[in-house]
1. Any residue that is modelled with pLDDT under 95, part of a strand (DSSP E or B) and in the same structural domain as residue 251 (by TED's automatic domain parsing) - is there at least one of those in the stretch 44-54?
2. Among the residues of the stretch 187-211, which ones are under 17 Å from residue 137 (Cβ atoms) and surrounded by 15 or more Cβ atoms within 10 Å (Cβ to Cβ)?
3. For residue 174, state whether it is at pLDDT 95 or above, over 17 Å from residue 234 (Cβ atoms), over 17 Å from the mean Cα position of the chain (by Cα) and not in a helix (DSSP H, G or I).
4. Out of the stretch 198-219, which residues are under 18 Å from residue 114 (Cα atoms) and touching a strand residue (DSSP E or B) at 6+ places or on another chain (Cβ under 7 Å)?
5. Could you tell me whether any residue of the stretch 214-222 is modelled with pLDDT of 90 or more and surrounded by fewer than 24 Cβ atoms within 10 Å (Cβ to Cβ)?
6. Can you confirm whether residue 71 is in a loop (DSSP other than H, G, I, E, B) and either at pLDDT 90 or above or within 26 Å of the chain's Cα centre (by Cα) (or both)?
7. Applying the selection to the stretch 34-52, what residues are surrounded by 13 or more Cβ atoms within 10 Å (Cβ to Cβ) and under 17 Å from residue 105 (Cβ atoms)?
8. Among the residues in the stretch 239-257, are any in the same structural domain as residue 47 (by TED's automatic domain parsing), surrounded by fewer than 17 Cβ atoms within 10 Å (Cβ to Cβ) and over 26 Å from residue 272 (Cα atoms)?
């Protein structure tokens, strides 16, 4: 697979770079991604009857993604298709099926945290790359391969707030997205988790003072802080470890090894690092080492 960097004019910060998150213009419509070309050798590549063989033969795939997370999965008003690190990883998988990631064979299906499992169980999407934390509870319902990103939960508050960590908000309302693991972590820390349908809605509630803060993966928060420069900031150390993976149907377990093989290849050939650099790295954060992949059951 031939990969070429397309330089970004704008940037989004990473969770560890809270001092840098006000410097970017996350989710800008003129940001390009990594150019990934579809492979052309799928005739005998996959075992007959496997889901990968079916998708490759059909030349079509449905990919679930977020559309309101700058740097991870974002879709602006004038975007033809979503952008972000989740999207770049999805493109690597799609291309390995000999489907053009930029073509009409890909249906980019917007998902929210609460419908990722139902979409996979119902066959509405073939893959989910939507800041999808790997958990044992989720693996009872769907398959999850990876992780392709490791991050941690932090806190987003108003720029003039005196809050320094989640401990400062015990007994107070902190929002996240309904159906996410973040709500559980908020409650575990003694705050009152409040769920909304989207991250954008949660951010709006922080801005208007309805809730004291928002908490989810630091990568997501950094993007919103950059998008709302001077109004919001990320505070506190991470208080969880979130392993972000690829969702697939539990009825198609053969997809796990294939996903991990594509991820491993991207770790080795630099595709993963380039995707990270173009979407999450321009704020000044160094590209980390690739994460260790979970073995397939």
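The values are calculated or read from the model by the stated rules, or taken from the named source; none is laboratory data. These numbers were taken from a predicted model, which means no experiment stands behind them. When we count neighbours, we look across all protein chains shown, and the Cβ atoms used for this are built from the backbone with ideal geometry, even at glycine.
1. Taking every residue of the stretch 44-54 in turn, none turns out to be modelled with pLDDT under 95, part of a strand (DSSP E or B) and in the same structural domain as residue 251 (by TED's automatic domain parsing).
2. 193, 195
3. No, not satisfied.
4. Listed by number, the residues that qualify are 198, 199, 200, 202, 203, 214, 215, 216, 217.
5. No: the stretch 214-222 contains no residue that is modelled with pLDDT of 90 or more and surrounded by fewer than 24 Cβ atoms within 10 Å (Cβ to Cβ).
6. The answer is yes for residue 71.
7. Residues satisfying the conditions are 35, 36, 37, 38, 39, 42, 45, 46, 51, 52.
8. Yes - at least one qualifying residue is present in the stretch 239-257.
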